[in-house]
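> This is the structure I have questions about; it appears just below.
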Amino acid sequence: MRNPTFEVFSQGEEIVTGQVVDTNAAWLSQQAVAMGFTVTRHTAVGDKLEDLVQVLLDISARADCCICTGGLGPTSDDLTAEAVAKAFGLPLVFDEIAFRQIEQFFRNRNRQMPACNRKQAMLPQGSIRLANCKGTAPGFALEQGRCWFAFVPGVPSEMRHLFHEHIQTMLADRFVLQPSQLITIKTIGIGESDLQERISKIVIPPQVQLGFRAELGEVQTKLLFPGDYPQLQLENLAHQVASAIGDAVFAIDGFGHQSSDLVSVVDHLMAEKGHALAVVETISQGLLAAKMIGMPWLLSAVYEQSIATLTQRLSVKNHPDDLITTAKALAGAVQKSTGANMVLIQLTASDYYINPHDDKAVTVTSTLLADGEYKHAVRSLAGDIKRKQHQAALSSLDLLRRHLQGKEIV
């Protein structure tokens, strides 16, 4: 079965000039994919009537469904309704109910309605009004060519309200939809090219879409399965890919549970096993503790820029040329003072702090004391200070994750 095609059409000069990030298009696409549409295109056009008209005509000939955002306001640069009228030969007709709703919106706020807001009650003839209790602009829906259109305000809260209140049900009633299933394999400490290499020998069926998404500190391998794909084969392929990737995998999303980030995975494991943790960090400058904020198993968190100051404060010997020995001494002292059964120490060479804005690589050592044993992860971090801070926090957190999951420490 072919999934119906779906497009998003965003209108507004602020969108095309980059003054506003088009979060509406991303959100609508996520909703459409979850429902079972195939999203084929995002289009953005400024406040130019002829451009709007042409894009509407193009979409009406190629898409099954399109949601258009923006251009429904009361000012002269809001041209969506006019563009629809011109593109499809539909006169604008005054909608009495829409007008009363607009008046009521102002009345509820003890404000006088400006005369220009009357424009928002002018809807294309034959369209379906989409009442908007969150703002002054009603949406509307109509069918032209092969495409069913819905037009909504560009204000995200209003757009989402109209989608949930009206459009979602209308789409489900109008289209035969079979949602695809997205499996996301989340990894840390490995790049896209390495991921591709590790799974290169796995045969991915042509009907399954393989993709990758890289973020700072995390890379996702995505498998998009058609709605009628056999569940057992789906699970087998997903686990085959995850197994080929190896211990860098910290979570697999898409099997019915909520999305998991690295912190939530660690939180679940710490709570499940009844552990208590104390943390000492240097280069991450408090970010590691901030990522675990509110976790009941985090008993203590210390940030200190200078290792010399830190060791002096905890009355342990500093070994400037041996971070691991220093980390072991610190871990023992922290465990004794806090009572935590797990201690995570993060250290880096003290000369790094001479010039914290230098992009040169630095070596970070994360040491975990758990069940009387020490485990270490050594990483070379590069980039500006904020990148190093973020990478250091995630590297230390990943050491904890690997221990809790019984994975190899690298």
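The numbers here are math on the coordinates, done by the rules we state, and not lab data. The model shown is predicted, which means the values in this text are computed figures rather than measured ones. Neighbour counts are summed over all protein chains in view; Cβ atoms, including those assigned to glycine, are modelled from backbone coordinates with ideal geometry.
> Taking 7 Å along the Cα-to-C-beta vector as the label spot, tell me the K48-R109 distance in nanometres, rounded to one decimal.
3.2
> As a check on your grasp of the helix formula, calculate [θ] at 222 nm for the chain: sum -39500 (n - 2.57) over DSSP H runs of n ≥ 4, divide by the residue count, round to the nearest 500.
Rounded to the nearest 500, the figure is -11000 deg cm²/dmol.
> Moving to a separate point now. Rounded to the nearest 20 debye, what is the charge dipole size of the chain about its Cα centre when +1 sits on each Lys and Arg Cβ and -1 on each Asp and Glu Cβ?
Magnitude of the dipole: close to 620 debye.
> Got a sec? How would V39, V203 order by Cβ neighbour count within 10 Å, fewest to most? Intermediate results must be reported in sequence, preceding the final value.
Details: V39 19, V203 8.
Ordered by Cβ neighbours within 10 Å, fewest first: V203, V39.
> Between the range 71-103 and the range 356-397, how far is it from one alpha carbon centroid to the other, in angstrom?
57
> For the chain, which longest stretch is free of loop sites, where a loop site is one of the trypsin sites (Lys or Arg not before Pro) that DSSP puts outside H, G, I, E and B and that has at most 10 other Cβ atoms within 10 Å?
Here the longest run is 202-316.
> If you don't mind, another one. Once the piece of chain linking A382 and R129 is laid out straight, how much longer is it, given 0.36 nm per residue of separation minus the C-alpha distance between them?
Numbers: separation 253, 0.36 × 253 = 91.08 nm, distance 5.49 nm.
Full extension of this stretch gives 85.6 nm more.
> Separate question: Tell me, in nm to one decimal, what length is gained between K375 and A172 on full extension, where the rule is 0.36 nm per residue of separation less the Cα-Cα distance?
67.8 nm
> Taking the Cβ of each residue in T75, T363, T311 as the centre, tally the other Cβ atoms inside 10 Å and list the residues starting with the fewest. Could the numbers behind the result be given before it?
On the way: T75 10, T363 13, T311 20.
By the 10 Å Cβ count, ascending, the order reads T75, T363, T311.
> Which part of the range 162-191 falls in the paramagnetic zone of Q30, meaning amide N under 19 Å from the point 7 Å along Cα-to-beta-carbon?
162-169, 179-187
> Using only the Cα atoms of the range 264-405, build the gyration tensor, take square roots of its eigenvalues as a ≥ b ≥ c, and label the shape rounded, prolate or oblate: rounded if a/c is under 1.5, else prolate if a/b is larger than b/c, else oblate.
oblate
> Tally the DSSP beta bridges in the chain and give the antiparallel ones as a percent, rounded to 5.
Numbers: 45 of 71 bridges.
Bridges in the chain are about 65 percent antiparallel.
> While we're looking at this one, here's another question. Which entries of K317/K386; K186/K291; K336/K388; K317/K375; K222/K360 show an alpha-carbon separation above 23 angstrom in the structure shown?
The pairs that break the limit, which is 23 Å between Cα atoms, are K317/K386; K336/K388; K222/K360.
> Using alpha carbons only, how many angstrom separate the centre of the range 118-155 from the centre of the range 263-302?
One Cα centre to the other: 49 Å.
> How would you rank I385, I283, going from fewest to most other Cβ atoms within 10 Å of each one's own Cβ?
Ranked by crowding around the Cβ, least crowded first: I385, I283.
> At what distance in nm do the modelled label points of I204 and D77 sit from each other, each positioned 7 Å from its Cα along Cα→Cβ?
4.1
> Here's a follow-up. Per 0.36 nm of contour for each residue apart, how much would the distance between R160 and E197 grow if the chain were fully extended, relative to their Cα-Cα spacing?
Going from the current span to full extension adds 9.3 nm.
> Run the quick spin-label model on H319 and C116: label points 7 Å from Cα toward the beta carbon, then report their separation in nm to one decimal.
Result for the modelled spin labels: 7.2 nm.
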